[in-house]
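Only one structure is covered here, and it is reproduced in the block below.
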């Protein structure tokens with residue numbers, strides 16, 4: 001991958017990283033807020049529990065995405081960024097534009113998704 005493309009994707013990853021860290025911080029604050037809410041009756045308790053579960057799921061998903069971004073940045077420093085982890089072919093520029101932390105090319109991603117079903 002050319003240096004200007006690497007710089008483009010590094011900036012894209014860093015921008016995503018900042019946004020995700022903000023999202024995680026917001027989720028943590030929301031969960032803390034839900035813990036401090038006054039619970040009036042069982043319906044309120046059920047609603048707060050449901051909201052807390054949703055916030056925790058969002059936080060977990062964002063944390064996984066943050067790890068994927070950090071992994072991609074490490075691969076970038078090591079020289080392996082943009083290479084499919086399965087077939088070792090280059091991941092297309094267009095795919096990396098959509099998902100700059102992609103580990104697999106389109107074909108291998110479909111294989112992995114079928115195996116995970």
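The values are calculated or read from the model by the stated rules, or taken from the named source; none is laboratory data. Predicted, not measured: the structure shown is a model, and the values here were computed from it. Here the Cβ positions follow ideal geometry from the backbone for every residue, glycine too, while neighbour counts run over all protein chains shown.
Mind checking whether some residue in region 81-93 is more than 21 Å from residue 5 (Cα to Cα), in a helix (DSSP H, G or I) and either at pLDDT 85 or above or touching a helix residue (DSSP H, G or I) at 6+ places or on another chain (Cβ under 6 Å) (or both)? No; the residues of region 81-93 include none that is more than 21 Å from residue 5 (Cα to Cα), in a helix (DSSP H, G or I) and either at pLDDT 85 or above or touching a helix residue (DSSP H, G or I) at 6+ places or on another chain (Cβ under 6 Å) (or both). Among the candidates 61, 56, which residue alone is modelled with pLDDT under 95 and either part of a loop (DSSP other than H, G, I, E, B) or farther than 25 Å from residue 109 by Cβ (or both)? Checking each option against the conditions leaves just 56.
All told, residue 10 meets the bar of being surrounded by 13 or more Cβ atoms within 10 Å (Cβ to Cβ), modelled with pLDDT of 85 or more and out of contact with any strand residue (DSSP E or B) (no Cβ under 6 Å at 6 or more places or on another chain).
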